[in-house]
1. Considering each of Ala46, Ala121, Ala39 in turn, give the residue that is touching a residue at least 12 places away in the same chain (Cβ under 8 Å), within 21 Å of Glu23 (Cα to Cα) and surrounded by fewer than 10 Cβ atoms within 10 Å (Cβ to Cβ).
2. What is the number of the single condition among (1) under 20 Å from Thr17 (Cβ atoms); (2) among the polar types (S, T, N, Q); (3) free of Cβ contacts under 8 Å to residues at least 60 places away in the same chain; (4) surrounded by 13 or more Cβ atoms within 10 Å (Cβ to Cβ) that Ser116 does not meet?
3. Confirm whether Tyr88 is modelled with pLDDT under 90 and surrounded by 11 or more Cβ atoms within 10 Å (Cβ to Cβ).
4. Within segment 81-98, is there a residue that is within 17 Å of Leu115 (Cα to Cα), touching a residue at least 60 places away in the same chain (Cβ under 8 Å) and not β-branched (Val, Ile, Thr)?
5. Return the pair list, or none, for Cβ contacts closer than 8 Å from residues in segment 1-19 that are open to solvent by 40 Å² or more (accessible area, probe 1.4 Å) to residues that are among the hydroxyl-bearing types (Ser, Thr, Tyr) and modelled with pLDDT under 95, at least 6 apart or on different chains.
6. Please go through segment 1-10 and give me each residue that is β-branched (Val, Ile, Thr) and under 17 Å from Pro111 (Cβ atoms), ordered by number.
7. Taking segment 96-108, which residues are in contact with a helix residue (DSSP H, G or I) (Cβ under 8 Å, 6 or more places away or on another chain), open to solvent by 20 Å² or more (accessible area, probe 1.4 Å) and not in a helix (DSSP H, G or I)?
8. If you go through segment 63-72 one residue at a time, do you hit one that is among the β-branched types (Val, Ile, Thr), within 23 Å of Ala121 (Cβ to Cβ) and at pLDDT below 90?
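The values are calculated or read from the model by the stated rules, or taken from the named source; none is laboratory data. Source: prediction; values computed, not measured. So basically every Cβ, Gly included, is an ideal-geometry build from the backbone, and we count neighbours across all protein chains shown. All accessible areas refer to the heavy atoms of the entire protein, side chains included, with ligands and DNA or RNA removed. Shrake-Rupley method; radii C 1.70, N 1.55, O 1.52, S 1.80 Å.
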Amino acid sequence: MADTSQRERITQYIQDTYGTQAEYLWADSPGNAIFRHSASKKWYAALMCVLPEKLGLTGEEALDVMDIKCSTIMIGSLLSTKGFLPAYHMNKNHWISIVLDNSVSDDQIIPLLELSYDCVAPKRRKKSSQPVEA
């Protein structure tokens, strides 16, 4: 497992857990992929290779980042943690970027990925408030 990149480990986890495959939508960014919820067809994760300057960071080498959807309150607290950045190319109120350089552990990422997946799941309809028969 040590020889695989964090991006590869997370991609494998997504495929094994949610049964969704990476979709490569952009010809000019062939390494960038999204994952959609199978029922709602909404994105719950985007994997991208981004130059550090576009993320407000220094360095020359492109970084793997993953955007996930989460609550505004959670975003506020995560942004003070190493490895979390304002969402790249997504609504910064509802999405956050995670740098996939092992500065955030897989064990920290997986529950956030689960929240993102659940966040885009189809909403359940409330049952009508019929009185229950005894």
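1. Of Ala46, Ala121, Ala39, the one residue that is touching a residue at least 12 places away in the same chain (Cβ under 8 Å), within 21 Å of Glu23 (Cα to Cα) and surrounded by fewer than 10 Cβ atoms within 10 Å (Cβ to Cβ) is Ala39.
2. Just one mismatch for Ser116, condition (3).
3. yes
4. No, there is no match, as no residue in segment 81-98 is within 17 Å of Leu115 (Cα to Cα), touching a residue at least 60 places away in the same chain (Cβ under 8 Å) and not β-branched (Val, Ile, Thr).
5. Gln12/Thr4; Gly19/Ser38
6. Of everything in segment 1-10, just one residue is β-branched (Val, Ile, Thr) and under 17 Å from Pro111 (Cβ atoms), namely Ile10.
7. Once the filter is applied, which keeps residues that are in contact with a helix residue (DSSP H, G or I) (Cβ under 8 Å, 6 or more places away or on another chain), open to solvent by 20 Å² or more (accessible area, probe 1.4 Å) and not in a helix (DSSP H, G or I), segment 96-108 yields Asp101, Asn102.
8. The answer is yes; a qualifying residue exists.
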